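Comments concern the structure below.
The values are calculated or read from the model by the stated rules, or taken from the named source; none is laboratory data. Note that the coordinates shown come from a computational prediction; the quantities given were computed from them, not determined experimentally. Methodologically, a virtual Cβ is constructed for each residue, glycine included, from the backbone with ideal geometry; neighbour enumeration extends over all protein chains shown.
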Amino acid sequence: MNDLQELEKRVTLMEDIQEIENLQRKYGYYFEQQRLNDIVDLFSEDNTESIEITDHGLFRGKKGVKTMFIEWMGGGASRPRPQSGGSMGGGIVCIMQLQGVVEVAPDGKTAKARWNCFDLEARPWNGLMRNYWLHGYYENEYIKENGKWYFKKFHWNDTFWTPYEDGWLKTPLLGNMDEHPTIKADAPPTAFHPYPSGFHLPYSFKHPVTGK
């Protein structure tokens, strides 16, 4: 490989990382406004493997993504779910996706990334407006199709979901998220051990020095 080819490869890598970071950030903004159909469109039509959300479980394929965001989040389960149009009836969602670490595969066709997420929300809960906060990690996989990056595998793992007035020491989990009366996940979650378990979702990236 000559110097020009090496330079082109590095530029492509930098562009891919930036596009993946933007994809993840756009997901956050769409989630804040509950633009659920726009979120679904961020996932690969043919190559989505799964979406996994805390203790609710794992949903497979693009069909599972639609089940999760359109039917479960957009439906009327006992845990309040805002409408897909974005109206939250006085509520608010504010997601801060931080410390993203993106690693693109050598062939440039897939990638993995980890994100630290802090989430402030105000939504109805058991008939009352409640304000609460969440913390957790994303460990996601991405795929490049026709020059565009999409989500391939999406994993959100809660550390805590706590009422603002209680804090995570008193109430690490406000309730069980797996409460929809008819919609069930395709499989149990692969990992969910909230505070104070001390569990850390395994890193997708390698150590930059040791390579382990």
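Could you list, in sequence order, the residues of the range 143-172 that are touching a residue at least 24 places away in the same chain (Cβ under 8 Å), out of contact with any Gly (no Cβ under 7 Å at 6 or more places or on another chain) and of a type in the set (S, T, Y)? Of everything in the range 143-172, those that are touching a residue at least 24 places away in the same chain (Cβ under 8 Å), out of contact with any Gly (no Cβ under 7 Å at 6 or more places or on another chain) and of a type in the set (S, T, Y) turn out to be Y150, T162, Y164. When residues in the range 24-44 are screened for being farther than 18 Å from D119 by Cα and touching a residue at least 60 places away in the same chain (Cβ under 8 Å), 3 of them pass. For the range 153-185, the set of residues classified as in a loop (DSSP other than H, G, I, E, B), modelled with pLDDT of 90 or more and surrounded by 15 or more Cβ atoms within 10 Å (Cβ to Cβ) consists of W168, T171, P172, A185, listed by residue number. For the range 88-142, the set of residues classified as touching a residue at least 24 places away in the same chain (Cβ under 8 Å) and of a type in the set (D, E) consists of E103, D119, E121, E139, E141, listed by residue number. Please state which of the following conditions Q24 fails to meet, knowing it meets all the rest: (1) surrounded by 18 or more Cβ atoms within 10 Å (Cβ to Cβ); (2) touching a helix residue (DSSP H, G or I) at 6+ places or on another chain (Cβ under 8 Å); (3) of a type outside the set (A, V, I, L, M, F, W, C). In the conditions (1) surrounded by 18 or more Cβ atoms within 10 Å (Cβ to Cβ); (2) touching a helix residue (DSSP H, G or I) at 6+ places or on another chain (Cβ under 8 Å); (3) of a type outside the set (A, V, I, L, M, F, W, C), Q24 misses (2) alone.
None of G91, G108 is surrounded by fewer than 17 Cβ atoms within 10 Å (Cβ to Cβ), farther than 23 Å from F192 by Cα and at pLDDT below 95 except G91. Would you pick out the residues in the range 112-170 that are within 11 Å of the chain's Cα centre (by Cα) and acidic (D, E)? Matches in the range 112-170: E139, E141, D158.
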